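I have placed the structure first, in the form of structure tokens, so that the comments after it can refer back to it.
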Amino acid sequence: MRLFGGRKKQNNWAVSLDIGTEFVKALVFEVIDGEGHIHGVGRARQRLSDMQGGGITDIHGVAQNCEKAIEEAATMAQFLPDKAIVGIAGELVKGATTTVKITRPKPQTQIQVSELQDIVNQVQAQAFSQARQELAAETGLEEIDIQLVNAAIVSVVIDGYKVTNPMSYQGKELSVGVYNAFAPIVQFGALETVVRELSLELLAIVAEPYAVARCLNEESTDFAATFIDIGGGTTDIAVVRNGGVEGTKMFAIGGRAFTKRVAAVLGETFNDAEKAKIAYATGHLDKEKSELIRRALKNDIQVWLSALQISLEEFGQGDLLPSKILLCGGGSNLPEVKEALSDREWSKDLPFARAPEVQFIKPNDVANMIDETKTLQDISQVTPMALGNVALDLIGQTSMLETLMKKALSGAKS
């Protein structure tokens, strides 16, 4: 499959590709001085048979939709990059931060790359085994093959002192936290095939909740928040504590489930129900239909809340949950979502330090991504922008820790 007009090679341009259950979203951006300047935006609707619960069910159909979205973005940008960063989501994508603490035998010596590499390798082996056990338990397949999606060092503490780059420090107690995300190889491979069909060079496949969780310009080591991204087929959750991503979870309830309920209540096709749902969310639907939708969504919202509670319970087993809840994704546009989350009743049995405070992440909140098109105003565009933000590190200069993680990744992809 070839995109129009041939591809221009320039190392500081890339495509951010958010392959969602309802839509493929593409951004074409240029990296200048560590910032992504978005010059093109594109979107293409998926068929009901193309995706299910965040996973690809028709590779060629999805590739065609991606081609349409990228072509629209490239036409606006007047440039077609040859690199892409792609998001991955779905119930079987597992992400968690594993922390290893060691006592250094020679605390007076400076920390070297080889020493940190040994710790990272230990973390990778432990995380791989744990993720495989979890997926085997959930799928009933004992020998399920999994792939490391993305990894990042999220915290380094030396003798109780948090640092951003541990090289050349001295100290006795060294603690390293590494975030790892794993996915079934069949899901990972489907995304790789789509990118190959588009003749793009793959920069990275990144767990979407991880990308969203690190998209804000929050460098404080005290920053804590619960991120919730409601897409078409899944709800993605990320918990950030002490400035680092502690873990990510996803469950297969999203905007498509709400649309199916609206279609049943109104007796309309799925596409017409989607339009009605959007009109309802923005206050542009007539009163009678709005009341029907409001009543119909009540039970579905409660089911969604129950799934959210179960997901958050695991994060709250060892520490208090961050009370700041940050919402994004097209599904969070429904007024019932914020209303439900703002009601203290749903969270009373969860270990929040105080009543949750709900806010929306807007496109202009995403750090280091500049919208030159002036068209990105909806919270559904946060995820592809967040993916672009992750790509800045891959396109620009690579830090010591990122180099280390690339080495760790190359040794853990089996």
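Checking each residue in the range 299-343 for being farther than 26 Å from residue 385 by Cα, in contact (Cβ under 8 Å) with a residue 12 or more places away in the chain and charged (D, E, K, R) picks out 300, 313, 314, 319.
When 196, 214 are screened for being without any contact (Cβ under 8 Å) to a residue 12 or more places away in the chain and closer than 30 Å to residue 65 by Cα, only 196 passes. When each of 154, 149 is tested for being part of a strand (DSSP E or B) and in contact with a Gly (Cβ under 7 Å, 6 or more places away or on another chain), the lone residue that passes is 154.
Just to be sure, is residue 188 under 18 Å from residue 51 (Cα atoms) and over 15 Å from the mean Cα position of the chain (by Cα)? Can you show your working first?
Values: under 18 Å from residue 51 (Cα atoms): yes; over 15 Å from the mean Cα position of the chain (by Cα): no.
Judged against the criteria, residue 188 is not a match.
For every residue, the table says whether it meets (1) touching a Ser or Thr at 6+ places or on another chain (Cβ under 7 Å); (2) of a type in the set (Lys, Arg); (3) farther than 27 Å from residue 372 by Cβ; (4) modelled with pLDDT of 95 or more.
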residue: 6; (1), (2), (3), (4): no, no, no, no
residue: 15; (1), (2), (3), (4): no, no, no, yes
residue: 25; (1), (2), (3), (4): no, yes, no, yes
residue: 28; (1), (2), (3), (4): no, no, no, yes
residue: 38; (1), (2), (3), (4): yes, no, no, yes
residue: 47; (1), (2), (3), (4): no, yes, yes, no
residue: 66; (1), (2), (3), (4): no, no, no, yes
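The values are calculated or read from the model by the stated rules, or taken from the named source; none is laboratory data. Everything numeric here is computed off the predicted structure, so don't read it as measured data. So basically every Cβ, Gly included, is an ideal-geometry build from the backbone, and we count neighbours across all protein chains shown.
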